[in-house]
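Below is one structure, written out as structure tokens, with a few remarks after it.
The values are calculated or read from the model by the stated rules, or taken from the named source; none is laboratory data. Just so we're clear, the structure is a prediction, and the values are computed from it rather than from any experiment. Glycine gets a Cβ as well: all are built from the backbone with ideal geometry, and neighbour counts include every protein chain shown.
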Amino acid sequence: MRNIPSHPAQANTQTPSTESIDGKFTNGYLLPVRITWASDIHLEFCREDDRERFFYRLAGSPGDAILLTGDIASHNRTARMLEEMHTATGKPIYYVTGNHDFYGGAIQEVTSALDGLRARVPDIVRLDTAGPIQIARDTGLVGHGGWACGTAGSGINTNVRINDEVYIPDLRWLTKEKLFAQMRLMAKQSADHIRAVGAQAAEAYANVWIATHVPPFAESCTYDNRLSEPDYLPHFCNLLLGDVIQQLASAFPDTRFTVLCGHTHGAAFFSPAPNLRVITAAAEYRCPSIRAELDPEAEAQKAIEAWQQPPHSPAP
Ligand SMILES: [Fe+2]
Ligand SMILES: [Fe+2]
């Protein structure tokens, strides 16, 4: 029986319950939680009325909680817009940061603002600093925004440069070698986090969702329905995280792992192991949209069916 109000007006007035289903809670909300997933919404590029329309759609969506896989806005706008979104929807928000969330500010400055937001509004959860969160009877959610590791495709020999090194002070004015070393370091931090919380979640749940911004496999990076070019892959892909996720999938063969990511703005579906599927969200600048309404229990069933699918197929 589902006890969580699904209508936004009800959700706005919802107070954390002291009762439980099977004795389980997540952030005080009864389980199971349905999730509205959006990625790369880039609210920094939206006019105020477009932003408000998007919040209205989120409020009216069936999801009991919102999951954002990075590139929410930029610099101090990210914290402000997360808070506005929470106020407008009344729904808990689980999110990871993307590279654009640091545009215009030092990484430490932005993360401090986001930590301050979590302290003020406990319902806005940055997964990068959280342990596994139970979102259904048998499903745990973990996450980390991560970073492109710089080694996929052409690696450091790529001729493509992206705006990270222009707009993120920590990455500005670095030599190419130092830039790629820093990218690798940040990518490794996300891989280390997922190694720890992913194993914890896999011990506890039959289904583990991993939210991240940067796709962990080259096959998850597409543009115009084609796999991304080798020169773009160093900036599009976090292979260090991919290695860790594959290790988790083989260490826990009875656990089904679902990775939700974004960053490339191209839809993709990739299943590198029978118990592992990776879904990359399509996105368009100035058109923030809901990528999917996910019911963890229905998704668990789909994950079982995905075992039968070929290893790489077009986006669902
Ligand atoms: Fe993006
Ligand atoms: Fe991104």
Counting residues that are within 15 Å of ligand 2 (Cβ to nearest atom), which strands (runs of 3 or more DSSP E) fully inside the range 255-304 reach at least 2? 256-261
The correct count of residues that are touching an Asp or Glu at 6+ places or on another chain (Cβ under 6 Å) and within 16 Å of ligand 2 (Cβ to nearest atom) in the range 37-71 is 3
Given (1) outside any helix (DSSP H, G or I); (2) basic (K, R); (3) within 29 Å of R34 (Cα to Cα), number of the condition R161 does not satisfy: (3)
If you go through the range 221-240 one residue at a time, do you hit one that is crowded, with 17+ Cβ neighbours inside 10 Å, away from ligand 1 (no atom under 16 Å from the Cβ) and of a type in the set (D, E, K, R)? no
Candidate set: the range 85-109, residues that are of a type in the set (V, I, T) and more than 18 Å from G262 (Cβ to Cβ); chosen: the one farthest from ligand 2 (Cβ to nearest atom): T87
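Here is a yes/no grid of residues against (1) among the acidic types (D, E); (2) in a helix (DSSP H, G or I); (3) touching a residue at least 60 places away in the same chain (Cβ under 8 Å); (4) touching a strand residue (DSSP E or B) at 6+ places or on another chain (Cβ under 8 Å):
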site	(1), (2), (3), (4)
K178	no, yes, no, no
R184	no, yes, no, no
A191	no, yes, no, no
A196	no, yes, no, no
I210	no, no, yes, yes
P216	no, no, yes, yes
P230	no, no, yes, no
I245	no, yes, no, yes
A249	no, yes, no, yes
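Against the condition modelled with pLDDT under 90, under 30 Å from H75 (Cβ atoms) and aliphatic (A, V, I, L, M), how does A11 come out, does it pass? Don't jump to the end; show me each part of the working.
Values: modelled with pLDDT under 90: yes; under 30 Å from H75 (Cβ atoms): yes; aliphatic (A, V, I, L, M): yes.
Here the answer is yes, as A11 does meet what is asked.
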